[in-house]
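The values are calculated or read from the model by the stated rules, or taken from the named source; none is laboratory data. These numbers come from a predicted model, not from an experiment. SASA here: full protein model, heavy atoms, side chains in, ligands and nucleic acids out. Shrake-Rupley method; radii C 1.70, N 1.55, O 1.52, S 1.80 Å.
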Amino acid sequence: MNRHILLTGLLLLPFTLMAEEPVESKETPKWLKPLMAVKNFIDSGAVRGIDQRYISVPKHPWQVIAKWNVNQSALKMQTSGEIVDDESGLSLPYSATPYMKTEPSQYVGFWVGYRGYGAGYSVNVAGDKGSYLTFGALGGAYAASVRIHTFENDNPSFELNSSLLDMEDESWQKWKLESPIKVRAVIASAIYLFNGKHFSYAAAYDQSVIQTRSAGSLMVGASYYYGHINYADSTNAGLIYLMQNTARIKLWQASAGVGYAYNWVPFKGMLVSVMGMPMLTFVNRIKAYAYQTNVEEIMEEDWFWDDEISDEEWDRRFDEQARIKPVGTQSRSSGLAVNFDVRLSLTYNFDRYFLNACGQFYNFQYNSDDSHGYLNDWYINASIGVRL
(Lines give C-alpha, C1' and ligand atoms only; values in the text may rest on other atoms or scores of the structure.)
Protein backbone atom coordinates (compact mmCIF):
# COMPACT_ATOMS: atom_id res chain seq x y z
CA MET A 1 0.00 0.00 0.00
CA ASN A 2 1.22 3.43 -0.83
CA ARG A 3 2.86 4.89 2.30
CA HIS A 4 1.16 8.27 1.93
CA ILE A 5 -2.30 6.62 1.79
CA LEU A 6 -1.41 4.47 4.77
CA LEU A 7 -0.28 7.49 6.82
CA THR A 8 -3.33 9.52 5.89
CA GLY A 9 -5.63 6.69 6.81
CA LEU A 10 -3.99 6.18 10.17
CA LEU A 11 -4.15 9.86 11.03
CA LEU A 12 -7.87 9.85 10.32
CA LEU A 13 -8.60 6.87 12.58
CA PRO A 14 -10.68 7.89 15.60
CA PHE A 15 -8.84 7.54 18.87
CA THR A 16 -11.63 5.24 20.04
CA LEU A 17 -10.08 2.56 17.84
CA MET A 18 -7.25 2.39 20.33
CA ALA A 19 -9.46 1.59 23.28
CA GLU A 20 -8.52 -1.59 25.09
CA GLU A 21 -12.12 -2.85 25.22
CA PRO A 22 -14.11 -2.96 21.95
CA VAL A 23 -17.58 -1.44 21.86
CA GLU A 24 -19.78 -4.51 21.58
CA SER A 25 -22.94 -2.58 20.82
CA LYS A 26 -21.65 -1.30 17.49
CA GLU A 27 -20.26 -3.30 14.62
CA THR A 28 -17.16 -1.95 12.88
CA PRO A 29 -18.22 -0.16 9.67
CA LYS A 30 -17.12 -1.92 6.50
CA TRP A 31 -15.11 1.07 5.31
CA LEU A 32 -13.02 0.95 8.50
CA LYS A 33 -12.18 -2.75 8.32
CA PRO A 34 -9.23 -2.35 5.88
CA LEU A 35 -7.77 0.40 8.05
CA MET A 36 -8.26 -1.76 11.15
CA ALA A 37 -6.37 -4.56 9.40
CA VAL A 38 -3.49 -2.18 8.66
CA LYS A 39 -3.55 -0.91 12.25
CA ASN A 40 -3.41 -4.44 13.64
CA PHE A 41 -0.54 -5.29 11.30
CA ILE A 42 1.46 -2.26 12.48
CA ASP A 43 0.67 -2.97 16.13
CA SER A 44 1.89 -6.55 15.86
CA GLY A 45 4.94 -5.47 13.87
CA ALA A 46 5.93 -3.06 16.65
CA VAL A 47 6.79 -5.98 18.95
CA ARG A 48 7.78 -8.59 16.38
CA GLY A 49 11.42 -9.64 16.53
CA ILE A 50 12.56 -7.34 19.36
CA ASP A 51 13.89 -8.20 22.80
CA GLN A 52 11.68 -6.25 25.22
CA ARG A 53 14.42 -6.36 27.84
CA TYR A 54 16.24 -3.83 25.59
CA ILE A 55 13.37 -2.12 23.78
CA SER A 56 10.10 -1.14 25.45
CA VAL A 57 6.94 -0.63 23.37
CA PRO A 58 4.66 2.02 24.98
CA LYS A 59 0.97 1.21 25.25
CA HIS A 60 0.17 4.64 23.80
CA PRO A 61 0.83 4.27 20.04
CA TRP A 62 0.57 7.89 18.84
CA GLN A 63 3.31 10.53 19.02
CA VAL A 64 2.45 14.22 18.71
CA ILE A 65 5.60 16.35 18.67
CA ALA A 66 6.28 20.10 18.57
CA LYS A 67 9.60 20.86 16.84
CA TRP A 68 12.09 23.69 16.54
CA ASN A 69 14.74 23.47 13.82
CA VAL A 70 17.84 25.43 12.81
CA ASN A 71 19.66 24.65 9.55
CA GLN A 72 22.24 25.97 7.13
CA SER A 73 23.51 25.15 3.63
CA ALA A 74 26.84 26.02 2.04
CA LEU A 75 27.97 25.63 -1.59
CA LYS A 76 31.58 25.92 -2.76
CA MET A 77 32.56 25.74 -6.43
CA GLN A 78 35.90 26.11 -8.15
CA THR A 79 35.80 26.91 -11.86
CA SER A 80 38.40 27.81 -14.47
CA GLY A 81 38.39 28.98 -18.08
CA GLU A 82 39.73 31.53 -20.54
CA ILE A 83 38.72 35.02 -21.64
CA VAL A 84 39.79 35.98 -25.19
CA ASP A 85 40.64 39.59 -26.07
CA ASP A 86 38.82 40.33 -29.37
CA GLU A 87 41.39 42.93 -30.49
CA SER A 88 44.66 41.13 -29.69
CA GLY A 89 43.39 37.58 -29.87
CA LEU A 90 45.24 36.79 -26.66
CA SER A 91 43.57 34.51 -24.13
CA LEU A 92 43.57 35.21 -20.41
CA PRO A 93 43.23 32.16 -18.16
CA TYR A 94 41.25 32.72 -15.00
CA SER A 95 39.88 30.88 -12.02
CA ALA A 96 37.06 31.64 -9.60
CA THR A 97 36.21 30.06 -6.25
CA PRO A 98 32.84 31.31 -5.03
CA TYR A 99 31.59 30.22 -1.62
CA MET A 100 27.88 30.73 -1.02
CA LYS A 101 26.38 30.19 2.44
CA THR A 102 22.93 30.86 3.82
CA GLU A 103 22.50 32.37 7.24
CA PRO A 104 21.33 29.91 9.94
CA SER A 105 17.54 29.73 9.65
CA GLN A 106 14.96 28.74 12.24
CA TYR A 107 11.78 26.74 11.71
CA VAL A 108 8.91 25.61 13.94
CA GLY A 109 6.55 22.76 13.20
CA PHE A 110 4.97 19.50 14.26
CA TRP A 111 5.19 15.75 13.75
CA VAL A 112 2.37 13.22 14.09
CA GLY A 113 3.20 9.53 14.06
CA TYR A 114 1.69 6.13 14.79
CA ARG A 115 4.15 3.43 15.95
CA GLY A 116 6.98 4.70 13.77
CA TYR A 117 4.97 5.84 10.72
CA GLY A 118 4.44 9.57 10.51
CA ALA A 119 4.73 12.93 8.80
CA GLY A 120 5.82 16.41 9.82
CA TYR A 121 5.75 19.97 8.53
CA SER A 122 7.76 23.03 9.57
CA VAL A 123 7.72 26.67 8.45
CA ASN A 124 10.32 29.40 8.70
CA VAL A 125 10.21 31.95 11.52
CA ALA A 126 13.69 33.52 11.16
CA GLY A 127 16.31 33.62 8.42
CA ASP A 128 15.26 32.39 5.00
CA LYS A 129 11.70 31.94 3.70
CA GLY A 130 10.78 28.30 3.30
CA SER A 131 9.41 25.06 4.67
CA TYR A 132 10.27 21.46 5.56
CA LEU A 133 8.07 18.46 4.73
CA THR A 134 9.14 15.13 6.22
CA PHE A 135 7.87 11.55 5.96
CA GLY A 136 9.20 8.65 8.00
CA ALA A 137 8.74 4.90 8.50
CA LEU A 138 10.75 3.38 11.34
CA GLY A 139 10.42 -0.30 12.24
CA GLY A 140 12.38 -2.85 14.23
CA ALA A 141 15.12 -3.56 11.68
CA TYR A 142 14.65 -0.70 9.20
CA ALA A 143 14.31 3.07 8.92
CA ALA A 144 13.33 5.15 5.92
CA SER A 145 12.72 8.88 5.56
CA VAL A 146 12.19 11.59 2.98
CA ARG A 147 12.99 15.23 3.75
CA ILE A 148 11.93 18.02 1.35
CA HIS A 149 13.38 21.47 1.99
CA THR A 150 12.38 24.47 -0.12
CA PHE A 151 13.50 28.00 0.66
CA GLU A 152 14.49 31.42 -0.63
CA ASN A 153 17.25 33.34 1.07
CA ASP A 154 16.97 37.11 0.69
CA ASN A 155 20.52 37.78 1.83
CA PRO A 156 22.93 34.88 1.40
CA SER A 157 26.56 35.52 2.25
CA PHE A 158 28.86 35.25 -0.75
CA GLU A 159 32.65 35.12 -0.67
CA LEU A 160 34.54 35.24 -3.93
CA ASN A 161 38.16 34.63 -4.82
CA SER A 162 38.88 35.23 -8.50
CA SER A 163 41.90 35.99 -10.64
CA LEU A 164 39.71 38.56 -12.41
CA LEU A 165 39.31 40.68 -9.30
CA ASP A 166 41.55 42.82 -7.15
CA MET A 167 41.48 40.65 -4.05
CA GLU A 168 43.07 43.43 -2.00
CA ASP A 169 39.70 45.14 -2.26
CA GLU A 170 37.87 43.69 0.73
CA SER A 171 34.49 44.62 -0.74
CA TRP A 172 34.71 41.51 -2.91
CA GLN A 173 35.25 39.24 0.08
CA LYS A 174 31.69 39.60 1.42
CA TRP A 175 29.32 39.80 -1.49
CA LYS A 176 25.58 39.98 -0.82
CA LEU A 177 23.32 38.89 -3.66
CA GLU A 178 20.62 41.44 -4.41
CA SER A 179 18.09 38.83 -5.56
CA PRO A 180 17.22 35.81 -3.43
CA ILE A 181 18.87 32.50 -4.07
CA LYS A 182 16.25 29.77 -4.43
CA VAL A 183 17.04 26.27 -3.21
CA ARG A 184 15.04 23.06 -3.36
CA ALA A 185 16.49 19.89 -1.85
CA VAL A 186 15.16 16.35 -1.46
CA ILE A 187 17.04 13.90 0.74
CA ALA A 188 15.80 10.30 0.98
CA SER A 189 17.50 7.62 3.06
CA ALA A 190 16.94 4.01 4.06
CA ILE A 191 18.75 1.93 6.68
CA TYR A 192 18.73 -1.76 7.56
CA LEU A 193 19.87 -2.78 11.06
CA PHE A 194 21.55 -6.13 11.63
CA ASN A 195 20.77 -5.99 15.36
CA GLY A 196 17.21 -4.72 15.29
CA LYS A 197 16.40 -7.15 18.10
CA HIS A 198 18.37 -5.09 20.65
CA PHE A 199 19.00 -1.72 18.96
CA SER A 200 16.25 0.77 18.01
CA TYR A 201 16.70 3.65 15.59
CA ALA A 202 13.10 4.73 16.28
CA ALA A 203 13.87 5.24 19.98
CA ALA A 204 16.30 8.00 19.05
CA TYR A 205 14.50 9.73 16.19
CA ASP A 206 10.71 9.51 16.61
CA GLN A 207 10.35 8.10 20.15
CA SER A 208 7.75 5.52 19.11
CA VAL A 209 9.61 3.01 21.32
CA ILE A 210 11.98 3.36 24.29
CA GLN A 211 15.53 1.95 24.48
CA THR A 212 15.96 0.62 28.04
CA ARG A 213 19.42 -0.98 27.74
CA SER A 214 22.51 0.07 25.82
CA ALA A 215 23.07 -1.66 22.47
CA GLY A 216 24.66 -1.06 19.08
CA SER A 217 24.19 -2.33 15.57
CA LEU A 218 26.04 -2.63 12.30
CA MET A 219 23.94 -1.23 9.46
CA VAL A 220 23.80 -0.80 5.71
CA GLY A 221 22.21 2.22 4.16
CA ALA A 222 21.39 4.00 0.92
CA SER A 223 20.63 7.64 0.22
CA TYR A 224 19.41 9.79 -2.63
CA TYR A 225 19.98 13.53 -2.93
CA TYR A 226 18.49 16.04 -5.35
CA GLY A 227 19.27 19.74 -5.19
CA HIS A 228 18.29 22.71 -7.34
CA ILE A 229 20.07 26.05 -6.84
CA ASN A 230 18.75 29.01 -8.80
CA TYR A 231 20.06 32.59 -8.89
CA ALA A 232 18.98 33.39 -12.47
CA ASP A 233 18.05 37.05 -12.14
CA SER A 234 19.32 40.05 -14.09
CA THR A 235 20.56 41.72 -10.88
CA ASN A 236 22.90 38.73 -10.48
CA ALA A 237 24.34 39.13 -13.99
CA GLY A 238 27.82 39.89 -12.62
CA LEU A 239 27.85 36.71 -10.58
CA ILE A 240 26.55 34.68 -13.54
CA TYR A 241 29.33 36.09 -15.72
CA LEU A 242 32.05 35.16 -13.21
CA MET A 243 30.52 31.69 -12.86
CA GLN A 244 31.13 30.98 -16.56
CA ASN A 245 27.55 32.00 -17.36
CA THR A 246 26.03 29.44 -15.00
CA ALA A 247 22.85 30.65 -13.27
CA ARG A 248 21.11 27.43 -12.25
CA ILE A 249 22.53 24.16 -10.99
CA LYS A 250 20.90 20.79 -10.45
CA LEU A 251 22.59 18.03 -8.49
CA TRP A 252 21.77 14.32 -8.30
CA GLN A 253 23.48 11.79 -6.10
CA ALA A 254 22.90 8.17 -5.07
CA SER A 255 25.06 6.52 -2.43
CA ALA A 256 25.33 3.33 -0.40
CA GLY A 257 27.43 2.51 2.61
CA VAL A 258 28.06 0.53 5.76
CA GLY A 259 28.04 2.16 9.18
CA TYR A 260 27.52 1.67 12.86
CA ALA A 261 25.17 3.16 15.45
CA TYR A 262 25.12 2.90 19.21
CA ASN A 263 22.41 3.69 21.75
CA TRP A 264 23.77 4.43 25.21
CA VAL A 265 21.40 4.44 28.17
CA PRO A 266 23.34 6.06 31.06
CA PHE A 267 20.30 6.04 33.37
CA LYS A 268 16.57 5.35 33.22
CA GLY A 269 14.78 7.52 30.66
CA MET A 270 17.97 8.93 29.08
CA LEU A 271 19.26 7.92 25.63
CA VAL A 272 22.33 9.08 23.72
CA SER A 273 22.47 7.82 20.13
CA VAL A 274 25.41 8.21 17.75
CA MET A 275 25.56 7.07 14.11
CA GLY A 276 28.24 7.36 11.47
CA MET A 277 28.19 6.04 7.92
CA PRO A 278 30.76 6.64 5.17
CA MET A 279 29.01 6.23 1.83
CA LEU A 280 30.31 5.44 -1.63
CA THR A 281 28.63 7.58 -4.27
CA PHE A 282 28.00 5.75 -7.54
CA VAL A 283 25.69 8.34 -9.13
CA ASN A 284 27.13 11.85 -9.03
CA ARG A 285 25.70 14.16 -11.68
CA ILE A 286 25.49 17.91 -12.08
CA LYS A 287 23.53 19.85 -14.70
CA ALA A 288 24.44 23.47 -15.32
CA TYR A 289 22.07 25.93 -17.03
CA ALA A 290 23.93 28.52 -19.09
CA TYR A 291 22.71 32.11 -19.42
CA GLN A 292 24.02 34.81 -21.72
CA THR A 293 24.73 38.18 -20.09
CA ASN A 294 25.56 41.65 -21.39
CA VAL A 295 28.22 42.24 -18.72
CA GLU A 296 31.02 42.70 -21.30
CA GLU A 297 28.96 45.41 -23.01
CA ILE A 298 28.38 47.15 -19.67
CA MET A 299 32.12 46.99 -19.00
CA GLU A 300 32.64 49.30 -21.97
CA GLU A 301 30.66 52.06 -20.25
CA ASP A 302 32.75 54.88 -18.77
CA TRP A 303 30.99 54.76 -15.42
CA PHE A 304 31.86 51.08 -14.97
CA TRP A 305 35.51 51.94 -14.22
CA ASP A 306 34.85 55.28 -12.54
CA ASP A 307 36.31 55.22 -9.01
CA GLU A 308 34.52 58.46 -8.14
CA ILE A 309 31.03 57.05 -8.50
CA SER A 310 29.32 55.87 -5.30
CA ASP A 311 28.58 52.20 -4.73
CA GLU A 312 24.84 52.90 -4.61
CA GLU A 313 24.90 54.76 -7.94
CA TRP A 314 27.10 52.06 -9.53
CA ASP A 315 24.68 49.32 -8.40
CA ARG A 316 21.69 51.28 -9.67
CA ARG A 317 23.16 51.73 -13.15
CA PHE A 318 24.31 48.12 -13.36
CA ASP A 319 20.92 46.74 -12.33
CA GLU A 320 19.14 48.97 -14.85
CA GLN A 321 21.29 47.80 -17.76
CA ALA A 322 22.00 44.16 -16.86
CA ARG A 323 20.24 41.49 -18.91
CA ILE A 324 20.38 37.69 -18.92
CA LYS A 325 19.07 35.12 -21.43
CA PRO A 326 18.99 31.30 -21.18
CA VAL A 327 21.07 29.68 -23.92
CA GLY A 328 21.48 25.99 -23.05
CA THR A 329 22.46 23.29 -20.59
CA GLN A 330 25.46 21.09 -19.92
CA SER A 331 25.48 17.87 -17.90
CA ARG A 332 28.53 16.41 -16.20
CA SER A 333 29.05 13.22 -14.25
CA SER A 334 31.74 12.55 -11.70
CA GLY A 335 33.39 9.27 -10.83
CA LEU A 336 33.06 7.49 -7.53
CA ALA A 337 33.23 9.70 -4.45
CA VAL A 338 33.07 9.24 -0.69
CA ASN A 339 30.51 11.21 1.32
CA PHE A 340 29.60 11.14 5.00
CA ASP A 341 26.37 10.91 6.96
CA VAL A 342 26.74 11.67 10.68
CA ARG A 343 23.87 11.83 13.20
CA LEU A 344 23.53 12.47 16.93
CA SER A 345 20.42 12.29 19.12
CA LEU A 346 19.69 12.97 22.81
CA THR A 347 16.36 11.82 24.27
CA TYR A 348 14.85 11.92 27.74
CA ASN A 349 11.61 10.03 28.48
CA PHE A 350 9.41 10.77 31.48
CA ASP A 351 6.04 9.04 31.70
CA ARG A 352 4.14 9.76 28.45
CA TYR A 353 6.26 12.82 27.62
CA PHE A 354 9.71 13.10 26.09
CA LEU A 355 12.32 15.66 25.10
CA ASN A 356 14.68 15.25 22.15
CA ALA A 357 17.53 17.07 20.44
CA CYS A 358 19.09 15.64 17.30
CA GLY A 359 21.26 16.74 14.41
CA GLN A 360 22.53 15.57 11.03
CA PHE A 361 25.39 16.62 8.76
CA TYR A 362 25.36 15.70 5.05
CA ASN A 363 28.28 16.28 2.67
CA PHE A 364 27.92 16.21 -1.15
CA GLN A 365 31.07 16.15 -3.33
CA TYR A 366 31.28 16.55 -7.11
CA ASN A 367 34.08 16.84 -9.65
CA SER A 368 34.32 17.46 -13.41
CA ASP A 369 36.98 18.51 -15.92
CA ASP A 370 36.74 22.26 -15.27
CA SER A 371 34.94 22.54 -11.95
CA HIS A 372 34.64 20.85 -8.60
CA GLY A 373 33.21 21.62 -5.21
CA TYR A 374 30.88 20.53 -2.47
CA LEU A 375 27.52 21.18 -0.87
CA ASN A 376 27.14 20.88 2.92
CA ASP A 377 23.73 20.66 4.55
CA TRP A 378 23.17 20.41 8.31
CA TYR A 379 20.31 20.79 10.73
CA ILE A 380 19.58 20.60 14.47
CA ASN A 381 16.14 19.71 15.86
CA ALA A 382 14.81 20.26 19.36
CA SER A 383 11.41 18.87 20.27
CA ILE A 384 8.94 18.03 23.01
CA GLY A 385 6.31 15.36 22.53
CA VAL A 386 3.57 13.32 24.10
CA ARG A 387 2.36 9.76 23.52
CA LEU A 388 -1.41 9.36 23.15
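With all protein chains in place and ligands, DNA and RNA left out, the 1.4 Å accessible area ranks 378, 62 as 378, 62, largest first. Every pair of different Cα atoms in segment 269-352 enters the Kirkwood calculation, which places the hydrodynamic radius at 18.9 Å. Residue 275 sits with roughly 0 Å² accessible to a 1.4 Å probe, with DNA, RNA and ligands left out of the calculation.
Taking all protein chains into account, the per residue accessible area for segment 307-365 stands at 62 Å² (1.4 Å probe). If you sort the three axes of the alpha carbon gyration tensor as a ≥ b ≥ c, you get a/c of 1.5 or more for segment 311-357 and a/b no higher than b/c, which makes it oblate.
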